[in-house]
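Beneath this line is the structure, given in C-alpha cells, with notes to follow.
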Amino acid sequence: QQEDESSSLYVAMRDHSIDLSSLQTSISKTSSSSDLVLGVLWDCSLSRLSDPHGRHLELALLQSILSLLRHVVCKVFLFSNSLVSTATFSSDQQFAEALPRYLMHAPYDGGSSFHFLASFIQDNTIGPFNHASPCTAGCILFSDGFASLDSEALPPPATNSKLLSHVGVVHCVSGFQSPNSNILRAFVKRYSGNFFRLIDRASVQSTCDQ
C-alpha cells in the first residue's frame, strides 16, 4: 500500500488499520461546494489534560486532513460542559502555527457533557450547522468520551426529525490510550458518523503481526 505524507500515523477503526485518506475522503464527499468548511468539536475537559501525547496525535491527524483538502476553512469549537470558545483558521500558515497553539493551550478544565454537545450540534442558530454559516464538510469530534457531569452519559436520541434535518455528518477521532469507545461510537452514529481510534503506527503494526 502506498503511503502518503501522513504515514507516521494510522487510524485504527474496529481494530483494523486503514489509510488516513479514507477519513479525508469521507469528509470531502459530504459537500459539493468547492470551498469546504470543516468543523472541529474539541473536548477541553480536564480529563483530556492527562494525555498530551494523545492530543498531539489528534492534532497531527487534523493537520494531515487539512493539508489534503483544498480551499478548506477550519472552524474550531472548544467545549466542556458548555461552549468555551471558537476560532476560525483558513490558511496553510494558520494550520501549521496558530491552530496548534490554540488547541494545545486551550483551558483544559472541568467536566464534559454530551447532553450539552448534542444540543449544541442541533442548534440551528449558533451550532456548527447553523443556517448562516454551516460546516459544509461536516464535523470531527475529538474526545476521550468520558462525560462526567450528566447522570446518563448520552442524552436520549432526538425523536423529532426536524431537529436533525439541518445537521450534517459528525465523525469522532480519539487519540487517547483508553477512550470510552462505546459512548463515542454511539454518539456519532446519531449523526451518520463513524468512530476512529487513533494510535501509533508501531502499535497498529504490532497488533497486525500478532
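Determine how large the accessible area of TYR102 is when every protein chain is in place; take a 1.4 Å probe and give Å² rounded to the nearest 10.
The accessible area of TYR102 comes to roughly 50 Å².
Tell me, what is the 1.4 Å probe accessible area of SER192, in Å² to the nearest 10?
90 Å²
Hey, if we sort VAL167, VAL84 by accessible area with the 1.4 Å probe, largest down, what's the order?
In descending accessible area the options line up as VAL84, VAL167.
The values are calculated or read from the model by the stated rules, or taken from the named source; none is laboratory data. Quantities reported herein were computed from a predicted structural model and do not represent experimental measurements. Please note that ligands, DNA and RNA were not included when accessible areas were found on the heavy atoms of the full protein model with its side chains. Shrake-Rupley method; radii C 1.70, N 1.55, O 1.52, S 1.80 Å.
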